[in-house]
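To start, the structure under review is shown below, and the notes come after it.
Nothing in this text is a laboratory measurement; each read-out follows from the coordinates by a stated rule. Keep in mind it's a predicted model, so treat the numbers as computed, not measured. Counting neighbours? That spans all protein chains shown, and the Cβs are built from the backbone with ideal geometry, glycine included.
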Amino acid sequence: MVTVKSEKEIEYMRESCRIVKETLDFVGKNIRIGMTTKEVDELVYKYITSCGAYPSELGYEGYPASSCVSVNEVVVHGIPGDRILSDGDIVSVDITAEKNGFHGDACRTFLLGNVSEEKKKLVKITEECFFKAIEGLQAGVPLYNIGNAVQTHAESNGYGVVRALTGHGIGRSMHEDPAVPNYGKRGTGMRLRAGMTICIEPMIAMGTWKVYQDASDGWTVYTADGKPAAHYENTVLIKEDGVEILTL
Ligand code: MF3
Ligand code: CO
Ligand code: CO
């Protein structure tokens, strides 16, 4: 069921999303080579709880941490642990925060030390995919225009668009309808309505779009060819005349 938020609900969304944004800024200032992914998760837990919010990934369908920390060939849902961050890594940190019953959700991919030109380009194009997707976005626009914009930009750069995971609506639940794929045909899908809040989250791979999930932990998603992937996400409010990026 697609939900349309009231003004009051949008105010709550803005607050949760502001906390998410600030947390990611805090992580960006503190993430270091030599840190473990678990230490990154501790930064996230500390910051979100200090804002009087809850890191709603923690316990979500049994997920054991406050963040997803996905390094290089890990696409998404990297469980924080003993992995040590190294020079040249690209590290996506995907977090959600819940306050007053509403969730915000965003992800940034951080560059550590001397990152290769090809990985830098992957991260840059992935961010650009998000901004291409919101160009002209407003109430009345067909949903799959979003995915089409992401797919066109990624594939024209020779990258793979991960299909196994999608963006989504968000609000009182972290994941609401509709699913927001990163591929699709222009002019198709439901028409967006003012007051919808959705997460647009390109997951782009340097090589193949194919991925697999770790059989032992049930979460970690890797690229099938072991090449790096990047992830960028914001929570976006659809308005009559455009969008408001709530996590920026
Ligand atoms: N934040 C992720 C998303 O963008 C969801 C993470 S699922 C969790 O949809 F289980 F890891 F929390
Ligand atoms: Co997310
Ligand atoms: Co999301």
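Would you work out the relative contact order for the chain, in percent, from Cα pairs under 8 angstrom that are 6 or more residues apart?
Dividing the mean separation by the residue count of the chain yields 23 percent.
Size of the dipole of the chain about the Cα centre, Lys and Arg at +1 and Asp and Glu at -1 on the beta carbon, nothing else charged, in debye to 20?
The dipole magnitude comes to about 460 debye.
Just check the stretch 68-185 against the gyration tensor rule for me: Cα atoms, a ≥ b ≥ c as the square roots of the eigenvalues, rounded for a/c under 1.5, and otherwise prolate or oblate depending on whether a/b exceeds b/c.
oblate
When only Cα pairs under 8 Å and 6 or more residues apart are kept, what is the percent relative contact order across the stretch 108-248?
28
What's the center-to-center distance, using Cα atoms, between the stretch 32-64 and the stretch 214-235 in Å?
Taking the Cα centre of each part, the stretch 32-64 and the stretch 214-235 sit 18 Å apart.
Which three extents, in angstrom, do the Cα atoms of the chain have along their principal axes, listed largest first?
46, 43, 32
Shape verdict for the stretch 178-248, please, from the Cα gyration tensor: rounded (a/c under 1.5), prolate (a/b greater than b/c) or oblate.
prolate
Need one word for the stretch 97-137: rounded, prolate or oblate. Basis is the Cα gyration tensor (sqrt eigenvalues a ≥ b ≥ c); a/c below 1.5 gives rounded, then a/b vs b/c decides.
Because a/c hits 1.5 or more and a/b fails to exceed b/c, the stretch 97-137 counts as oblate.
Which lysines, if any, have their Cα less than 28 Å from the Cα of Lys121, not counting same-chain residues under 8 positions apart?
Here the lysines satisfying the reach criterion relative to Lys121 are Lys21, Lys29, Lys38, Lys132, Lys185, Lys210, Lys227.
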